[in-house]
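The values are calculated or read from the model by the stated rules, or taken from the named source; none is laboratory data. From a predicted model like this one, the values you see are computed outputs, not experimental measurements. Cβ sites come from the backbone with ideal geometry, for glycine too, and all protein chains shown count toward neighbours.
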Amino acid sequence: MTREEEVRACTCNECDVSAAEESAESDFASPRAADDALHTPVMLTECIDLLAPALEAPGALLIDATVGMGGHTFAFLSHFPHLRVIGIDRDEQALALASERLSSFGERFEAVYATYDMIADVAARLGKNGKVDAILMDLGVSSLQLDEAERGFAYSHDAPLDMRMDTSSGITAAELLATEGAQEITRILQCYGEERFAQRIAQKIVAQREREPLTRTSQLVELVRKAIPAATRRTGGHPAKRTFQALRIAVNDELAVLERAIPEAMRVLRLGGRLAVESYHSLEDKIVKAAFVAGASSTAPEGLPFDVPGYEPEFQLLTRGALQAPPEERERNSRSASVRLRAIERIREEMSKA
């Protein structure tokens, strides 16, 4: 059995990121902490093991599509001495920190300011004939964004209601709550946060903004607390965790970006190239799973009693279901509690669209 097959597998697709985010706000080290600690990459060994076969050759190219502060990239560059990494992120502050942290690797690392659904454009410009050897995506909110109180991601600190990963563009959470109707706010809280009391919270938001605009995280936390019954508040962690998660996803259009990014990432893999994705929410994992299963399936018309040459799957799945972090990592690193890791390998060239 290969090392990949020995990694723990989980067939469950439902995962709740909110509990991990709640503890993360206190557990994650700040990039400006006194000991200069940086966030611990999630399932690092498993990511390296899954992508290693595509990265052994000299001149191999990895795209870290969500480079953040560079934790995964640092490990990959250290592990593979001939590897080159392109790091993509929409957060300019994170890119600056990653570039500083990875400066010792010189030209082997290149930072690109973009959302990761632009991965095909990045590969066309910086890849090898538009192709890359491997891609890593570590989805969700980063420890930097949680740690920087003024970014408004954390409900444990009073700060402006911003929540944008790219602070130079897009609407803030405060602007979203000031303009959307109760029905749309309810949908956001239900779909992205699985919030049982979404309608009550949405109605209170609309009523509150008629008296005073919601501009601070503390205002929203107090509003949500009052909207949720006292008996419910006593269990299940912080009452605002699902609301904050839902607003973050909506503000950054995270699921739509992911739906565009996964097919593009699959398309730019060279033959034998590999893609690994770490998801932290059941909706993220559902998108990744659907794309991976489709890529690993025949494209021949249904119902034929035989395999049609040229319609074989272009990819093979490298994990049985979604892998989870081992218990010891979940104890050590709270962010890993909800992670689901999936990976695929291109085994056939893309069919011509002509």
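Suppose the filter is closer than 23 Å to Gly127 by Cα and either in a loop (DSSP other than H, G, I, E, B) or aromatic (Phe, Trp, Tyr) (or both); does Phe244 pass it? Judged against the criteria, Phe244 is not a match. In contact with a Pro (Cβ under 7 Å, 6 or more places away or on another chain) and either over 14 Å from Ile135 (Cα atoms) or of a type in the set (Lys, Arg) (or both) - does that describe any residue in region 298-316? Scanning region 298-316, I find at least one residue that is in contact with a Pro (Cβ under 7 Å, 6 or more places away or on another chain) and either over 14 Å from Ile135 (Cα atoms) or of a type in the set (Lys, Arg) (or both), so the answer is yes.
Answer yes if at least one residue in region 177-191 is buried (at least 21 other Cβ atoms within 10 Å of the Cβ), at pLDDT below 95 and under 23 Å from the mean Cα position of the chain (by Cα), and no otherwise. No, because not a single residue in region 177-191 is buried (at least 21 other Cβ atoms within 10 Å of the Cβ), at pLDDT below 95 and under 23 Å from the mean Cα position of the chain (by Cα). Of all residues in region 72-96, those satisfying the criterion of being part of a helix (DSSP H, G or I) and hydrophobic (A, V, I, L, M, F, W, C) are Phe74, Ala75, Phe76, Leu77, Ala94, Leu95, Ala96. Scanning region 325-340 for residues that are over 23 Å from Met266 (Cβ atoms) and surrounded by 15 or more Cβ atoms within 10 Å (Cβ to Cβ) yields a total of 10.
Within region 109-131, is there a residue that is assigned to a strand (DSSP E or B), at pLDDT 95 or above and closer than 25 Å to Ser338 by Cβ? No; the residues of region 109-131 include none that is assigned to a strand (DSSP E or B), at pLDDT 95 or above and closer than 25 Å to Ser338 by Cβ. In the set (1) out of contact with any Lys or Arg (no Cβ under 6 Å at 6 or more places or on another chain); (2) closer than 22 Å to Pro58 by Cα, Glu92 fails one condition alone, (2).
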